[in-house]
Amino acid sequence: MKILLIQLKQIGDVLMTTPALRALRKKHPGAEIHFLTQKPSNQIFEFNPFVDRVIDFPTKSDFRERLGFIESLRKEKYDVAIDFLGLPKTALLTKLIGAKKRIGFKKFGRSLFYTERVFASDENLYSVEHKIQLLRSLGVHSTDFQLDFFYGNQDLSKAQAILQDLHPKKIGPLISISPVSRQAYKVWPAENFAVTADYLIDKYQADILFLWGPNEYGFIKAVKDKMKNQPLGDYDIPTIRETAALLKLVDLHIGNDNGPMHFAIAVKTPSVAVFGRPKLSNWTPPESKTHLAIEYDPGCKSNCVYPRCELQCLTGVEISKVIELADLSLNQQFMISSELKLKSANI
């Protein structure tokens, strides 16, 4: 069986498909599995053992090049195409490439391109579970929602080199903060992040490592300008795999609902996420004691009118509540570390 999985963007959404990919490989170990995505999300799969080939979707191409790309996919003769994204263009693509079985969610204007239409059972589901539902007709069922983001030794070496150059004090915890997002409805105010960072430095003597990507440094500067303490310095922007490796090396990650939040979840680093318009139930592991999140509902989250609002869902998230979650996470880690040391001493 030859299977094509489709999820072009965003990085977080692509990561949400990795548990489905892993479950599919476990159920069909002999299948040839290809994944169609677009840069830079292709980095997520370079070291992933569950996929045989990663195909880059041509984001900048003319009509003739697009036709050539579609023809190249037709030659693969896929038995199954699974459209995780569900855009009109990806739904149409499943039809054009000639896959015998075409699976997607039941949506207006798209369902006619699929041979199997899956009805999403609950709008409050974690996105991972939502995507796994598409695989039911292939006999795939899973409750293992752990995200996968594999990186190479060179990525880890780069992350270690970045930290070495920044010279953290290593007295308290190393905490990463990502106050960035290209969506205004996900950006918690810079002054709130500044107060949070200062608190962590004052109380825990924490080293604060800011994370950002291309064209995002303005978010970092806005926070630094409002801080009274000094965080770690700047560095060259790493790849997303190197960023995942950096997150593996920190003790706690705090940030907006964005890519680094999902990276932290994937590499099993404790996290605290601030949510605005999106529902945290859709984007955080259910009932997790490691990956904590907070949201504020002014009464309109289920009937959002953005951009005709003042984003009270974001401004209503209290700094004290975020600090409370950070304290909880750090205290949990201290307790676990103390218990491990005690057990080691008893042995």
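The values are calculated or read from the model by the stated rules, or taken from the named source; none is laboratory data. No experiment lies behind these values; they were computed from the predicted model shown. So basically every Cβ, Gly included, is an ideal-geometry build from the backbone, and we count neighbours across all protein chains shown.
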Handout entry: Every pair of residues 6+ apart whose Cβ atoms lie under 7 Å, when the first sits in the range 308-321 and is assigned to a helix (DSSP H, G or I) while the second is of a type in the set (D, E, K, R) and exposed (fewer than 13 other Cβ atoms within 10 Å of the Cβ)
Key = C313/D297
Problem - Residue check, A99 crowded, with 20+ Cβ neighbours inside 10 Å, part of a loop (DSSP other than H, G, I, E, B) and modelled with pLDDT of 95 or more - result: yes
Exercise for the section: Filter the range 208-254 for residues that are part of a helix (DSSP H, G or I), touching a helix residue (DSSP H, G or I) at 6+ places or on another chain (Cβ under 7 Å) and under 22 Å from Q43 (Cα atoms) and give the result. Expected result: I240, R241, E242, T243, A244, A245, L246, L247, L249
Completion exercise
By residue number, the members of the range 117-169 that are in contact with a Gly (Cβ under 8 Å, 6 or more places away or on another chain) and either part of a loop (DSSP other than H, G, I, E, B) or not hydrophobic (A, V, I, L, M, F, W, C) (or both) are R117
Practice task
For I175, indicate whether it is touching a strand residue (DSSP E or B) at 6+ places or on another chain (Cβ under 6 Å) and either in a helix (DSSP H, G or I) or not assigned by TED's automatic domain parsing to the domain that holds I319 (or both).
Solution key: no
Exercise for the section: Just one of (1) at pLDDT below 95; (2) in the same structural domain as D234 (by TED's automatic domain parsing); (3) buried (at least 19 other Cβ atoms within 10 Å of the Cβ) trips up P168, so point out which. Expected result: (3)
Completion exercise
For the range 235-248, the count of residues that are more than 17 Å from L200 (Cβ to Cβ) and either basic (K, R) or touching a strand residue (DSSP E or B) at 6+ places or on another chain (Cβ under 8 Å) (or both) equals 3
Completion exercise
From the option list G104, G86, single residue qualifying as among the small types (G, A, S) and either in contact with a helix residue (DSSP H, G or I) (Cβ under 8 Å, 6 or more places away or on another chain) or surrounded by fewer than 15 Cβ atoms within 10 Å (Cβ to Cβ) (or both) is G104
Practice task
Residues being more than 24 Å from K39 (Cα to Cα) and either touching a Leu at 6+ places or on another chain (Cβ under 6 Å) or in the same structural domain as K39 (by TED's automatic domain parsing) (or both): count how many of those fall in the range 231-251.
Solution key: 4
Exercise for the section: Give the residues of the range 114-139 that are surrounded by 11 or more Cβ atoms within 10 Å (Cβ to Cβ), under 15 Å from K101 (Cα atoms) and of a type outside the set (K, R), sorted by residue number. Expected result: Y114, T115, E116, V118, L134, L135, S137, L138
Completion exercise
Considering the range 299-314, residues that are of a type outside the set (G, A, S) and under 19 Å from E123 (Cβ atoms), and then whichever is modelled with the highest pLDDT, we arrive at C313
Problem - Residue among K224, K228, K268 that alone is over 15 Å from A190 (Cα atoms) and assigned by TED's automatic domain parsing to the domain that holds T196 - result: K268
Practice task
Scan A273, A244 and give me the residue that is touching an Asp or Glu at 6+ places or on another chain (Cβ under 8 Å), farther than 17 Å from L328 by Cα and buried (at least 24 other Cβ atoms within 10 Å of the Cβ).
Solution key: A244
Problem - Matching residues, the range 79-96, being in contact with a strand residue (DSSP E or B) (Cβ under 9 Å, 6 or more places away or on another chain), outside any loop (DSSP other than H, G, I, E, B) and more than 12 Å from L134 (Cα to Cα) - result: T90, A91, L93, T94, K95
Completion exercise
Condition set surrounded by 21 or more Cβ atoms within 10 Å (Cβ to Cβ) and over 19 Å from V267 (Cβ atoms), scope the range 35-52, selection nearest to the chain's Cα centre (by Cα): answer is T37
Fill in the blank from the handout: Picked from the range 105-116 (must be assigned to a loop (DSSP other than H, G, I, E, B) and not basic (K, R)), the residue nearest to T284 (Cα to Cα) is F108
